[in-house]
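Heads up, the thing below is written out as structure tokens.
Every number in this text was worked out from the coordinates using simple rules, so none of it is lab data. A quick note: this is a predicted structure, and the numbers were derived from the prediction, not measured. Positions of Cβ are backbone-derived with ideal geometry, glycine not excepted, and every protein chain shown enters the neighbour counts.
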Amino acid sequence: MAVTEQQQQAFIGKHLAEAQVAVELQDEDMVLNIGPQHPATHGTLRVVVKLDGERVVAADPVIGYMHRGYEKLTEYRSYPQVTTLINRIDWLSSFANEVPFIHAGEQIMGIEAPPRAVYIRTVLTELSRIATFLLFLGEMGAQVGAITPVFYGFRDREYVLNLIEAATGGRFHPNFNRIGGLKDDVPAGWIAETRRMMDKVFESCDTFENLLEGNEIFLARTKGIGIIPGDVGKGYGVSGSNLRASGVDWDLRRDAPYLAYPEVDFKVWTHPGGDSWSRYWVRLQETREAARIVVDLLDRLPSGPVMAKVPRIIKVPPGESWVRVENPLGEMGYYVVSKGATGPFRVKIRSASFSNVSILPWLLKGVYVPDLITILASLYFILGDIDR
Amino acid sequence: MGLVEQGKIPKPLTWLMNYSRKYSLWMYQWGLACCAIEMGAALASPRYDMMRLGVIPFPASPRQADLIVVSGTLTDKMAPALKRLYEQMPDPKYVISMGSCANCGGPYWDSYSVTKGVDQIIPVDVYIPGCPPRPEALLQGVVLLQERIQNEEMGPRWRGEPIIVGQPGAHDHLPETAVAVSSA
Amino acid sequence: MTAAASTLALEIPWGVLLGAKVMIILTLLPLTALILGYVFLMKMMAHMQSRLGPMDPGGFHGWFQLIGDGIKFIQKEDVMPADADRRVFALAPMIILISTFVVYAVIPAGPRLVVEDLEVGIFFALAVSSLSVIGVLMAGWASSNKFALLGALRAAGQLIAYELPLVLAVVGVIMQAGTMSLQGIVGAQANGEIFGWGAVGNPFVLTQAVGFVLFLAAAQAELTQTPFDMPVAESELVAGYQVEYTGFRWLFFQMSEYATAFALAGIAATLFLGGWYVPGVEGTAADVLGPLVLFAKIMAISFVIFWVRFTYPRFREDQLQAMAWKYLIPLSLLNILVTGILKVVF
Amino acid sequence: MSYSEYSQSYLTIAVLIGAGAGMFGLMLGLARLVRPTRPQLDKYVTYESGSDPIGGWGQANVRYYIYALLFVMFDVEAVFIFPWALRVDSLGVFGLVEVGIFIVILALGLLYAWRKGVLRWV
Amino acid sequence: MPLQIKTPGLIKGLGVTLRHLFKPAVTVQYPHEREDPPQRARGVIALKEENCTVCMLCARECPDWCIYIEGHKVKAPPRRAGGKPRTVSALDRFDIDYALCMYCGICVEVCPFDALFWTPEYEYSEPNIADLLHDKGKLGAWMETVPEPQPLEVGAEGPSKWR
Amino acid sequence: MGPQNVAFGVIAASMVLAAVRVVTTRNVVHAALYLVVVLGGVAGLYVLLAAEFVAWAQVLIYIGAILVLLLFGIMLTRAPLHASSELDNDQRWAAAIVSLGLVGLLVGLLADTFGRQRVRPAQVFGGGELADSIFNDFLVPFEVVSMLLLAALIGAVVLARRDD
Amino acid sequence: MLLNQYLILAAVLFCIGVYGVLARRHAVLVLMSVELMLNAVNVNLVAFSVHLREISGQVFALFVITVAAAEVGVGLAIVLLIYRNMASPYLDRVDSMKG
Ligand code: SF4
Ligand code: SF4
Ligand code: SF4
């Protein structure tokens, strides 16, 4: 296919004209597209920033590049099928995703999972939290320019993924929860292995502390950058570690207990800073805390079945339920409406990242391009979780 | 000009050129969805370390890339960007489609906003099944691609056709699929 | 081979010698880039990250990797954006390449092993390497790309900001050596003594420690290595001024980056570590061993440069400038004054 | 060093520059022989993260100008310091004082810029 | 903003990377050596043809509709001597389209006759997408790689339901 | 025709060509790049004249610093990527006549005055001799230079700073 | 080498510079033309310095370079100021400031 120069010019001209129309231009400012393909956006977020020199005058996140129509898809699928699908909303902590949906189903049906199942669910949720945060700890380093941490993050994350895979069969998308319990019990030797790996997680946290957290350059890049005051954060619906890093002591695991959390004693870490560094710090502490929770729960794992008595074909009686939980990325909620069919009638998903990035236009005003990257990285969102 | 297209490259040189293209697959870092994390693991996790195979993840811009791994769900909104970025890569370029979403829509086969397969938009050289494929599966896909690059015919590739393996000129009188299948 | 060429220098006709010199430099440039790239960028980085780095290409520990990259880039299409300023776009890599290339000419590798020992050697090297700024600005501007323009401005701003500490750190050495010729500086270190004790000569790293550190920091920035790699910051500007470059042109950028690293490490080794000189080796032996000694010293310095690169995050643009203007430059001025005072008083 | 030796060494430098340019040209010529050329519509569009490039190109930051300015001034200073550095010994205390004054005056400029806040962003 | 360059943080970081330089790498050199995935890993589905009764449950429950089954009725000899001849279904076609499959495991779980099994194999990339459709021969061949079911952790009840 | 003369010829020709392009090109950035050629040529002339130190000072300051400053200036005033016809004013013809006349005049004068006098660089001037001269004969100008630089610096900072 | 070679070259350069100053209306281009003229002067200085075996010519050349640096610095600052106020780098627009 040969293309003549003229064709090219015409083509480019057409696109330019369209783009000009699309974004209103001011005289002085330069409009820069960061994304949809850009190393800083963890995939396909697009941020249109208006720059004055290197300073962001206005930032406009353009989302939807990863929109897959979840809420529509759930209407055509049965409960087990939806369970497999919602793994893929927040793909880093898939197991944690499944839990609230299953809970919603269980609530409408009035079933309770046996205690062993609840414990294992909690352990796996915390494991996925660890995996998510380890990736963050490395990725954040990469975004502010350090090459090495990301490799350590991925290395140590593999240990945790191995555990999840050994138990559930999937590194990413476990599909291990069933309404009424779990698909199966964990294999022999798994608990001992987990204990061993938790030591590695602690070690890994120390590595990150040495490598980055106290590094002066890292401090200079992240301290005081992207400060979210607690009230503003709450106002925008920011949740999870991002909110806790702004000094708001808010953790659904403690404040609206679910799973086995009421039975464990854990600390909710907060930091008054509200800046990117606090977010890093809080996540580092939470990784350790999660590992501690895992060890604690494994010590007290009750024996018994992992599945309650449920009919073979699941039909959920009419009713509705709203369940929200503390996911690694923040507050995740499902509003499930059932009309008695084998699948839900309507599922409304409240995903953490969506609310977390809604603060971006507010947060990015007046920052510099390099800080923009730091802020995007420290907010830690997953595109699938934003766009669904 | 265009010695390759005219088939004027001597045999040993062809081998060398194929060999260096095979082991210098600069891979363009672009993740789309869950599979991207597994791609990241294959690259960045010391356990897999795709760099061993000569897949170098340095270029962040398509201009220096040879290989694009479409890892994850491609939505209709994203598709024009994918096509543009692919076209912005200089030839010769390779495409790996990773995961069910990229292969043909995967779990979102009935979604209104998902493109059912990247091969509708850009030519794909290797398909990797899985949801997500394990990093090893990606490695295996890369090894497969490398085998094919080693044996590929450069002329057609230079013209932008998918990898054709076999004797020079043999593909002229064969239907395309027949040749493409007869490899590996 | 080089040693032989120079020992026989008197009998060899000048033209032949010139040809030999040019050939040596021409092969040296890609070679050094390959060595640095392979040893540090590929292998050392990988091992620091508990990986292995390239293993398969070529069979043994991936030795073929970078050569293969080179051959591959020859085969890549040469794309110029339709909007680009074609001539400027095409020439920019050449400017950068040449600005490194010529620096190799003045670094001595032995008593007689130097392409040209200019009277103003180090000044020449600094002047020539300052040309790369022009190349960078050309590249960024001609690409008609915003990332490239931003990156080029950042890069140029950084290159000039750190050019100064680099230049000023050298002044101290010149003051001590009393000459600008690099051979002369090596000689001054070989014969120098510290407070009357001259067993190992006086590598200026001892008396010019501050200068050495300044020089290394500035060199790190000149090479746009982390923590000073804002201009090519992958995570924000994609690849800075190199965004639009493809194929071989881009390879020239990369090659000059590593060749410059080698050249700067070479200058640092010559200025501060005594260059090819190692105590006890004289005459023809020095001509043979000199290159090896110099190479070892260069590798040691490069190790530090890359070690830092693989460990640290990067500074933000303003912090980077502040670092240069508020710390390095005043410090280097102070260093000059103190050296001057000591030199005049003692 | 006599003038003829001197000019020979610069001839070498000139040849080197020529050789560098020659290598550049040669390699690109070589690449031209083997590389493909395959026009595609989007290939020649400026890369901007995959979206359409939007206008408003070519705005830089005044700050860079000030950095460049400072650089010019200090570069000039450095050029004057170099000759002195060669003759520190023979010029003695007198030269030192002179250069000291010279450096301090320029350092005042840096200090001024610093105090004026142009070294900071914002 | 003032930069405070203190040594500790920076030096500590250098220490970490230096220490790693001398530690052995954790890499598994994949094409040359292979790490076995956990037994439960969902790599590919194997079909035990003789168990399949063409009940179509798996195809119906599959969220992606990527199982294609065709069968026909055949008369089989009676189970007990003298009994009535039975009609059983014979499998003509059993394809799984791995390009589409989302590896959820529902089909394996719902199969009432233990005809489907997970195996951890993953090496079946293809240059041609049509080859990712595994027919019953290919699916049957995967049976060799099906691992034995693992024992469960202490405190668990009943045998593993994992197949 | 010695090799020096050949070198001179090459340098002079490229300089004049580039200089003409500097004042006629329609692209500001190109003008700056042609200026690089001219300045490099000047440095080459210095090298020919054995003024080694000045030659490389020329490269270091003029090309490495002043030109960068100019380029920054150009980019700050939004250099258009493509040629623009607005760069010249309408006195172009008058200007051409004036400068051609000036050339004729100067060349005539010079030819008359210096005839066939030769330059014979005998000694290579590195930096040392310059230092001797500066610190013996030109002390006051030397210090004045620093004041000048300081003044320029302050002036430029005051001018370029954004008043906010 | 003839002295006149250098002097005539310098004269030509100087006149090209004069043309530039007169004919250009983009402020930065005018500054560049001034640079051309200054360089012409410098060539003269150095040529005479070598011809007369008198180093002060070269010292003066250095001083001229310094002055050029200062000139460009301030000149560009003024251009930037103009540009910021009038959004145009063209000198004839500056006339509007008169009156
Ligand atoms: S194939 Fe599966 S894992 Fe990959 S992107 Fe699609 S849903 Fe995610
Ligand atoms: S694993 Fe899931 S998607 Fe794949 S064939 Fe079975 S039911 Fe269908
Ligand atoms: S559910 Fe089992 S028995 Fe039924 S068709 Fe599927 S594989 Fe065969």
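Quick notes on this structure:
- Karplus-derived 3J(HN,Hα) values for the stretch C:240-255, using 6.51 cos²θ - 1.76 cosθ + 1.60 with θ = phi - 60°, are x, 6, 8, 3, 8, 7, 10, x, 5, 4, 5, 4, 4, 4, 4, 4 Hz; glycine and proline are entered as x.
- Taken one residue at a time, the phi angles of the stretch C:145-155 give Karplus couplings (6.51, -1.76, 1.60, θ = phi - 60°) of 10, 5, 4, 5, 5, 4, x, 5, 5, 4, 4 Hz. Gly and Pro are set to x.
- Per residue of B:93-101, other chain Cβ atoms within 10 Å of the residue Cβ number 3 on average.
- Using only Cα coordinates, the Kirkwood hydrodynamic radius of the stretch E:45-148 works out to 14.7 Å.
- Taking chain C and dividing mean pair separation by its residue count, relative contact order in percent (alpha carbons under 8 Å, at least six apart): 22 percent
- Applied to the stretch A:139-152, the Karplus parametrisation 6.51 cos²θ - 1.76 cosθ + 1.60 on θ = phi - 60° returns per-residue 3J(HN,Hα) values of 4, 4, x, 4, 6, 8, x, 8, 7, 5, x, 5, 5, 5 Hz, with x for Gly and Pro.
- With a 10 Å cut-off around each Cβ of C:97-108, the average count of Cβ atoms from other chains is 3.
- Reported value for the protein assembly as shown: 191 Å³ per residue, from the convex hull of its C-alpha atoms.
- Dipole magnitude of the stretch E:45-148, debye to nearest 20 (Cβ charges: Lys/Arg +1, Asp/Glu -1, about Cα centre): 1020 debye
- Shape of the stretch G:1-75, Cα gyration tensor, a/c cut at 1.5: oblate
- Placed amide H near E:L116: partners under 5 Å, 5+ positions off or other chain: E:K48
- Taking other Cβ atoms within 10 Å as a rough exposure proxy, D:Y65, C:Y327 sort from fewest to most as C:Y327, D:Y65.
- Chain E, relative contact order [Cα under 8 Å, separation at least 6], %: 27 percent
- Between E:C55 and A:R195, the FRET efficiency from the beta-carbon distance, with R0 = 30 Å, is close to 0.10.
- The mean number of partner chain beta-carbon atoms within 10 angstrom of a residue's beta-carbon across peptide C:153-163 is 6.
- Formal net charge of residues neighbouring F:S146 (Cβ-Cβ distance under 13 Å; K, R +1; D, E -1): -3
- Within-9-Å neighbourhood charge of E:H134 [Cβ basis; K, R +1; D, E -1]: -2
- Environment charge at E:E61 (Cβ cut-off 12 Å; Lys +1, Arg +1, Asp -1, Glu -1): +1
- Global geometry of the stretch A:229-368, whether rounded, prolate or oblate, following the gyration tensor of its Cα atoms and the 1.5 cut on a/c: oblate
- Footprinting exposure proxy for C:H47, E:H32 (fewest neighbouring C-beta atoms within 10 Å first): E:H32, C:H47
- Summary value for chain A: 25 percent relative contact order, contacts being C-alpha pairs under 8 angstrom separated by 6+ residues.
- Size of electric dipole in the protein assembly as shown: Cβ of Lys, Arg +1 and of Asp, Glu -1, about Cα centre, debye, nearest 20: 1720 debye
- Residue order for A:D249, A:D184, fewest other beta carbons within 10 angstrom first, comes to A:D249, A:D184.
- If R0 equals 25 Å, the separation of the Cβ atoms of D:L30 and B:N151 corresponds to a calculated FRET efficiency of about 0.50.
- Built amide H within the under 5 Å cut-off of G:L2, gap 5+: F:V119
- C:E77 long-range amide H proximity, modeled H, under 5 Å: B:D91
- Gyration tensor verdict on the stretch C:276-346 (Cα atoms; rounded if a/c is under 1.5, prolate if a/b is larger than b/c, oblate otherwise): oblate
- Using the rule -39500 (n - 2.57) for each DSSP H run of four or more residues, divided by the residues of chain B, the 222 nm mean residue ellipticity is -10500 deg cm²/dmol.
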